[in-house]
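Structure, as structure tokens:
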Amino acid sequence: MYKKAQAAMEFLMTYGWAILVVLAAIGALAYFGVLSPDRFLPEKCTLPSGIACLDFRYSGTAIEMSIQNGAGFDMTNVSVEVNGTGCQATDSTTQTTLTNGQKATYSVTCSPSSGKFKGDVTFDYTNQATGMPHTKVGEIILKIP
């Protein structure tokens, strides 16, 4: 009768150690960044509905974004800000008005480190029809050479 209990206990201990070793290996891979999802993220620029990020790039000294107003109303006092590691800057362009359907390119001067850059894009504007200010937040992910 005691032989069955011993066999069951040895079975559970063997599989318990095997599971522990596998969990330790996965933990080590995650700690050293092998399983980091940032390495596999595609480049993208997303803004809330009504504001389209048509194209974007890093030019060596600045992040440039082509943005189109599709909100259905004219925008005034437009400014774009990018916040991320190595980049806390506001656009350096003079385009402060975007009529409905108009496109404009905004350039944010910053120097992020090489690799993948992930930052928040803050888009501030005032609705010309109502005079109410708004702040919309999006995201940009791009590869820095």
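Here, each number is a calculation from the coordinates, and none is a lab measurement. Just so it is clear, the model here is predicted, and its values are computed rather than measured. All Cβ positions, even for glycine, are placed from backbone atoms using ideal geometry, and neighbour counts span all protein chains on display.
Dimensions of the stretch 2-138 along the principal axes, based on C-alpha atoms and rounded to the nearest Å, stand at 85, 34, 20, largest first.
Within the chain, how many Lys pairs sit with Cα atoms under 13 Å apart, leaving out pairs fewer than 8 places apart on the same chain? Working shown, then result.
Numbers: K44/K116; K44/K118; K44/K143; K116/K143; K118/K143.
Lysine pairs, 8 or more places apart or on different chains, close enough: 5.
Note on the chain: helix-only mean residue ellipticity at 222 nm, from DSSP H runs of 4+ residues weighted -39500 (n - 2.57) and normalised by residue number, equals -7500 deg cm²/dmol. Packing-based ranking of 56-65, 12-21 yields 56-65, 12-21, ordered from highest to lowest mean Cβ neighbour count within 10 Å. Note on the chain: dipole from Cβ charges, positive end direction compared against F56, W17, F117; the farthest Cα belongs to W17.
In whole Hz and in residue order, list the ³J(HN,Hα) couplings for the stretch 45-52 that follow from phi through the Karplus curve 6.51 cos²θ - 1.76 cosθ + 1.60, θ = phi - 60°; x for Gly and Pro. In residue order, the calculated couplings are 9, 10, 10, x, 4, x, 10, 9 Hz.
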